[in-house]
Amino acid sequence: PPHVGASGWLFHLDAPNLMLTSLRPGPDGADAVTARVLECGGHDGPAELRCVRNPARASVLDARGNALLEASTHGDAVQLEVAHNDLLQLRVEFS
């Protein structure tokens, strides 16, 4: 087991009203993941997606996968602003 114990995490959402519905690797072998997050509690506000590695860049995507806006990163976390009942698609790049 790892030095921290018998269990651990790769990604962590810090808000109980958010559900990670999909986590897929980047297209064409890119060092990235695309996450789909659903707000299911009817609450808006800030949230963080913590990653096992420090992200280099993060973008909020539209339904076609085109970047809409940049999401800020701080250390191993991506800061999100989620509206109530929102479905958010996020691309996190690591290098």
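Assorted remarks:
- Among the residues of this structure, residue 30 does not count as one that is within 14 Å of the chain's Cα centre (by Cα) and open to solvent by less than 50 Å² (accessible area, probe 1.4 Å).
Yes/no matrix, rows are residues, columns are (1) polar (S, T, N, Q); (2) open to solvent by 80 Å² or more (accessible area, probe 1.4 Å); (3) over 13 Å from residue 18 (Cβ atoms):
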| site | (1), (2), (3) |
| --- | --- |
| 41 | no, no, no |
| 52 | no, yes, yes |
| 68 | no, yes, yes |
| 75 | no, no, yes |
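- First in segment 15-27 and touching a residue at least 60 places away in the same chain (Cβ under 8 Å), second anywhere and of a type in the set (Phe, Trp, Tyr), Cβ under 9 Å, 6 or more apart: 26/94
- Residue in segment 1-11 that is touching an Asp or Glu at 6+ places or on another chain (Cβ under 8 Å) and either more than 15 Å from residue 83 (Cα to Cα) or of a type in the set (Gly, Ala, Ser) (or both) present: no
The values are calculated or read from the model by the stated rules, or taken from the named source; none is laboratory data. If you're wondering where the values come from, they're calculated on a predicted model, not measured in any experiment. We place every Cβ from the backbone using ideal geometry, glycine too, and count neighbours over all the protein chains shown. Keep in mind that these areas ignore ligands, DNA and RNA; they rest on the heavy atoms of the full protein, side chains included. Shrake-Rupley method; radii C 1.70, N 1.55, O 1.52, S 1.80 Å.
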